[in-house]
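The values are calculated or read from the model by the stated rules, or taken from the named source; none is laboratory data. Treat the numbers as computed from the prediction; the structure is a model and nothing was measured. With ideal geometry, Cβ positions are generated from the backbone for all residues, glycine too; neighbour counts draw on all protein chains shown.
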Amino acid sequence: MYKIVIKGGKRLAGEVWVSGAKNAALPILASSLLARGQSTYRNVPGLGDVVTMRKLLGQLGAKVRGDGTTVIDTTNVNHFEAPYELVKTMRASALVLGPLLGRHGQARVSLPGGCAIGARPIDQHLKGLAAMGARIELEHGLVNARARRLHGATIVFDLVTVTGTENLMMAAVLAKGGTTLENAACEPEVEELARVLNKMGAHIRGAGTPLVTVEGVDELHPVDHAIIPDRIEAGTLMVAAAITRGNVLIRDCMPEHLDAVTAKLRAAGAEVTYEEGGVRVVGKNEYRPTDIATRPHPGFPTDMQAQFMVLMSRANGQSVLSENIFENRFMHVPELLRMGADIVIDGHLAVVRGPVKLKGAKVMATDLRASACLVLAGLVAEGTTEVLRVYHLDRGYDHLERKLRALGADIRRVRGGL
Ligand code: EPU
């Protein structure tokens with residue numbers, strides 16, 4: 001086991017490169033199942049969830065090799081089950097449901113249980129697949145889905161779901177006839193998946209808007225594709241620059257994916273400029289309180305809420321954070337309180353009062369973005385912070401501590417801890 005040890009107080013400066021997007025890589029790797037043969041994916045981030053997805057594809061019979069460039073040969077896929085052992089460590093394992101059903105007519109996927117940030121059911125995925133003709137049974141904690149060939153359907157999501165939209169898009173590309181997805185998620189990762197599927201020969205229109213149409217085709221072919229940069233990693237680094245009063249150029253990111261985060265950083269008083277080659281963030285000594293409400297894209301992303309809370313605790317006054325996507329995404333707050341933050345939670349609202357001088361402490365990561373939040377808190381805290389359970393961080397960040405150290409942070413990964 002490792003822990004991250006940070007001595008706070010350093011200003012970050014320099015340039016940093018953003019890795020490929022986790023939440024684009026996961027559905028894209030799963031989409032390899034839709035074609036027979038060898039696909040090549042570039043700019044694949046080196047993180048735990050990607051390792052889990054590779055393992056899952058291997059268990060299904062695919063040959064998987066490489067890291068940053070991952071090559072997947074699906075010629076011998078002959079298993080159709082995502083077992084509990086993998087689904088429980090990564091809910092995005094459910095993303096193989098659509099492709100397996102679409103191409104092989106069968107899929108068994110362990111039902112993900114609740115997780116640290118909420119109940120997170122997949123009823124919308126299942127409702128859509130059923131509308132496309134799948135016979136779905138729930139038995140012994142598994143979703144057992146079968147269909148001779150899926151057919152197109154009109155599906156209206158009851159709520160906006162990112163992986164739900166992705167799963168149904170992947171199911172629809174090989175279905176007979178046309179599918180319409182209404183109230184679809186507009187996240188850049190959905191758009192990126194559609195880009196890949198269209199490269200494979202699919203006919204998808206409207207991805208990135210709430211109305212997606214898919215005209216089914218008989219066959220798809222393998223693809224060679226470089227994955228877009230991770231907007232949440234970029235946003236995390238932007239907040240790191242702001243809170244440390246730094247001056248950092250974040251390279252290889254797509255500024256158009258960062259508008260909501262940029263707007264809030266600017267509202268708080270940070271200087272953010274879109275430059276040739278990246279986004280520059282110049283931090284300030286003082287920040288204004290700024291309210292945030294998480295929303296589906298293009299709103300403020302829930303995946304940036306925890307990190308932003310560190311900035312709010314440095315602002316002069318009271319900020320209100322409203323978490324509207326997941327019901328239990330304030331797990332980082334008790335740890336921030338132990339570091340001296342002044343935060344009160346009332347249901348889905350968190351009231352953050354600042355400015356406070358955070359103090360280093362031993363803290364425990366509870367989920368991926370909570371762990372990023374604690375690392376950021378450590379960067380500005382007085383003294384030493386130890387972040388335990390860093391496997392949460394490693395699930396979704398490609399060596400975050402190396403990137404922060406290259407910018408001047410005093411941060412190390414050491415053996416020990418939980
Ligand atoms: N929901 C349902 N039923 C469904 C699907 C979703 O009730 O069938 C609810 C969820 O419980 C949640 C809301 O709808 O309250 C939105 O969930 P969504 O399905 O959009 O989340 P997800 O697809 O499981 C993806 C990202 C998350 C990110 C959310 C929201 C991937 C692999 N994961 O999850 O990323 O927070 O969208 O943007 O794309 C992270 O990277 O740290 C992370 C958690």
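Does Ala94 qualify as being within 12 Å of the ligand (Cβ to nearest atom) and either crowded, with 19+ Cβ neighbours inside 10 Å or not hydrophobic (A, V, I, L, M, F, W, C) (or both)? Step through it out loud before you land on a result.
Values: within 12 Å of the ligand (Cβ to nearest atom): yes; either crowded, with 19+ Cβ neighbours inside 10 Å or not hydrophobic (A, V, I, L, M, F, W, C) (or both): yes.
For Ala94, the condition - within 12 Å of the ligand (Cβ to nearest atom) and either crowded, with 19+ Cβ neighbours inside 10 Å or not hydrophobic (A, V, I, L, M, F, W, C) (or both) - is met.
The requirement of being more than 16 Å from the chain's Cα centre (by Cα), away from the ligand (no atom under 16 Å from the Cβ), over 20 Å from Asn198 (Cα atoms) and not in a loop (DSSP other than H, G, I, E, B) is fulfilled somewhere in the stretch 65-73, by at least one residue. Every condition in (1) charged (D, E, K, R); (2) touching a Leu at 6+ places or on another chain (Cβ under 7 Å); (3) surrounded by fewer than 24 Cβ atoms within 10 Å (Cβ to Cβ) holds for Glu166 except the one numbered (3).
Can you name the residue in the stretch 137-174 that is part of a loop (DSSP other than H, G, I, E, B) and of a type in the set (Gly, Ala, Ser) and, of all such residues, is nearest to Val96 (Cα to Cα)? Reasoning before the result, please.
First, pick out the residues of the stretch 137-174 that are part of a loop (DSSP other than H, G, I, E, B): 140-141, 147-150, 152-153, 157-161, 173-174.
When the remaining residues are screened for being of a type in the set (Gly, Ala, Ser), the result is 141, 147, 152-153.
On the way: Gly141: 17, Ala147: 15, Gly152: 19, Ala153: 20 Å.
For the stretch 137-174, the residue satisfying everything is Ala147.
If you go through the stretch 306-337 and pick out every residue that is in a helix (DSSP H, G or I) and more than 20 Å from Thr385 (Cβ to Cβ), you end up with 0.
Results for (1) within 18 Å of the chain's Cα centre (by Cα); (2) within 16 Å of the ligand (Cβ to nearest atom); (3) over 21 Å from Glu219 (Cα atoms), shown as yes or no for each residue.
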{"position": "Val143", "(1), (2), (3)": "no, yes, yes"}
{"position": "Arg146", "(1), (2), (3)": "no, no, no"}
{"position": "Leu150", "(1), (2), (3)": "no, no, no"}
{"position": "Thr154", "(1), (2), (3)": "no, no, yes"}
{"position": "Phe157", "(1), (2), (3)": "no, yes, yes"}
{"position": "Val173", "(1), (2), (3)": "no, no, no"}
{"position": "Lys176", "(1), (2), (3)": "no, no, no"}
{"position": "Glu182", "(1), (2), (3)": "no, yes, yes"}
{"position": "Glu187", "(1), (2), (3)": "yes, yes, yes"}
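Taking the conditions (1) more than 20 Å from Leu168 (Cβ to Cβ); (2) within 16 Å of the ligand (Cβ to nearest atom); (3) not in a loop (DSSP other than H, G, I, E, B) in turn, Gly58 satisfies each one other than (2).
Scanning the stretch 294-323 for residues that are more than 16 Å from the ligand (Cβ to nearest atom) and in contact (Cβ under 8 Å) with a residue 40 or more places away in the chain returns Val310, Leu311, Met312, Ser313, Arg314, Ala315. Within the stretch 317-357, count every residue that is touching a helix residue (DSSP H, G or I) at 6+ places or on another chain (Cβ under 7 Å) and not β-branched (Val, Ile, Thr). Selection size over the stretch 317-357: 12.
Looking across the stretch 270-298, the residues that are touching a strand residue (DSSP E or B) at 6+ places or on another chain (Cβ under 7 Å), assigned to a loop (DSSP other than H, G, I, E, B), at pLDDT 95 or above and more than 13 Å from Ala241 (Cβ to Cβ) come down to Arg288, Pro289, Thr290, Asp291. Residue pairs whose Cβ atoms lie under 6 Å apart, sitting 6 or more positions apart in sequence or on different chains, and linking a residue in the stretch 163-192 that is more than 13 Å from Asn23 (Cα to Cα) to a partner that is among the charged types (D, E, K, R), are Leu174/Arg103; Lys176/Arg149; Gly178/Glu215.
Of the residues Ala234, Ala241, Ala260, which is out of contact with any Gly (no Cβ under 7 Å at 6 or more places or on another chain) and either at pLDDT below 95 or small (Gly, Ala, Ser) (or both)?
One residue alone meets the criteria, Ala234.
Where residues in the stretch 112-136 are at pLDDT below 95 and either more than 11 Å from the ligand (Cβ to nearest atom) or not in a loop (DSSP other than H, G, I, E, B) (or both), which of them is nearest to Thr179 (Cα to Cα)?
Kept after step one, since they are at pLDDT below 95, are these residues of the stretch 112-136: 112-123.
After this cut, where a residue has to be either more than 11 Å from the ligand (Cβ to nearest atom) or not in a loop (DSSP other than H, G, I, E, B) (or both) as well, the list is 113, 115, 118, 123.
Working: Gly113: 29, Cys115: 31, Gly118: 30, Asp123: 18 Å.
Applying the filter and picking the extreme gives Asp123.
For Leu193, state whether it is touching a helix residue (DSSP H, G or I) at 6+ places or on another chain (Cβ under 9 Å), surrounded by fewer than 23 Cβ atoms within 10 Å (Cβ to Cβ) and either in a helix (DSSP H, G or I) or not assigned by TED's automatic domain parsing to the domain that holds Leu258 (or both). It is false that Leu193 is touching a helix residue (DSSP H, G or I) at 6+ places or on another chain (Cβ under 9 Å), surrounded by fewer than 23 Cβ atoms within 10 Å (Cβ to Cβ) and either in a helix (DSSP H, G or I) or not assigned by TED's automatic domain parsing to the domain that holds Leu258 (or both). Would you call Ile243 aliphatic (A, V, I, L, M), in contact with a strand residue (DSSP E or B) (Cβ under 6 Å, 6 or more places away or on another chain) and either surrounded by fewer than 23 Cβ atoms within 10 Å (Cβ to Cβ) or not assigned by TED's automatic domain parsing to the domain that holds Gln124 (or both)? It is false that Ile243 is aliphatic (A, V, I, L, M), in contact with a strand residue (DSSP E or B) (Cβ under 6 Å, 6 or more places away or on another chain) and either surrounded by fewer than 23 Cβ atoms within 10 Å (Cβ to Cβ) or not assigned by TED's automatic domain parsing to the domain that holds Gln124 (or both).
What do you reckon, is Arg412 part of a helix (DSSP H, G or I), surrounded by fewer than 23 Cβ atoms within 10 Å (Cβ to Cβ) and at pLDDT 95 or above? Spell out how you get there, then give the answer.
Details: part of a helix (DSSP H, G or I): no; surrounded by fewer than 23 Cβ atoms within 10 Å (Cβ to Cβ): yes; at pLDDT 95 or above: yes.
No.
Filtering the stretch 74-108 to residues that are part of a loop (DSSP other than H, G, I, E, B) and over 17 Å from Leu138 (Cβ atoms) leaves Thr74, Thr75, Asn76, Val77, Asn78, His79, Thr89, Met90, Gly105.
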